[in-house]
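The values are calculated or read from the model by the stated rules, or taken from the named source; none is laboratory data. Here the structure is a predicted model, which is why all the values come from computation and not from measurement. Reconstructed Cβ throughout: ideal geometry from the backbone, glycine too, with neighbour counts over all protein chains shown. Just the protein is used for accessible areas: all its heavy atoms, side chains included, with ligands, DNA and RNA removed. Shrake-Rupley method; radii C 1.70, N 1.55, O 1.52, S 1.80 Å.
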Amino acid sequence: MYGVIQVLHSYWAFIVLLVLLAAVVNAISKSATGKEYSPKDFRISLFGLIVTHIQLLIGLVLYFVSPRLALFSELGMGGVMKDAVNRLYLVEHPFVNIIVVALITIGYSKHKKKLTSAPKLKTIAVFYTIAFVLLLTRIPWSAWLG
């Protein structure tokens, strides 16, 4: 079961990256050029919200069925934190990516309350860009692409 969930989590991450990149580029470019907010912009940001929440759910299931989770009882928190790989998988990756999902959720919620195009697009651009950059910092690139 662990292997299947891990593969699903890895492949879904490609979808998350593509959709978030599309949302960020769309919001920044439309904001910079002064274009109007449209239903397409709403759908792109909503799809970004949905795919990141699905990835969070898959990731939480993966975390709790992972054999690595036993390392907390074997090594203790200090032992986990001393090992860069275990720290990445058990602490940094989950924690930062929960923050990523929270930022996307906050950005999406705040943008809906804005009444005009410029603030809507700016809100999406700021929150989704910060979330996207944070996401890129905590992906285990060597294991993912290797």
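Per-structure values
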item: Helix 39-65 axis, angle to the chain major axis (alpha carbon atoms, nearest 10°); result: 10 degrees
item: Accessible area of the chain belonging to carbon and sulfur atoms, whole % at 1.4 Å probe; result: 73 percent
item: Nearest 10 degrees, 0 to 90: helix 117-137 Cα axis against the chain principal axis; result: 20 degrees
item: Sites Ser109 and Ser142 - FRET efficiency at Förster radius 35 Å, r taken between beta-carbons, to 0.05; result: 0.50
item: Angle between the chain longest axis and helix 71-82 axis [Cα atoms, degrees, rounded to 10]; result: 60 degrees
item: Low-density loop positions, trypsin sites (Lys or Arg not before Pro), region 1-91 - DSSP coil, at most 16 other Cβ in 10 Å; result: Lys35
item: Under 25 Å from the Cα of Lys120 - lysines, other chains or at least 8 residues apart; result: Lys30, Lys35, Lys40, Lys110, Lys112
item: The chain: calculated mean residue ellipticity at 222 nm from DSSP helix runs of at least 4, using -39500 (n - 2.57); result: -28000 deg cm²/dmol
item: Estimated translational D of region 1-130 in µm²/s (Stokes, Kirkwood radius over Cα pairs; 20 °C; 1.002 mPa s); result: 133 µm²/s
item: Under 19 Å from the Ala32 label point (7 Å along Cα→beta-carbon), backbone N, region 104-129; result: 118-129
item: Fraction of the pair-distance distribution of region 53-108 above 17 Å, Cα-Cα pairs, percent; result: 42 percent
item: Efficiency of FRET between Ser10 and Lys82 - r from beta-carbon atoms, R0 22 angstrom, step 0.05; result: 0.25
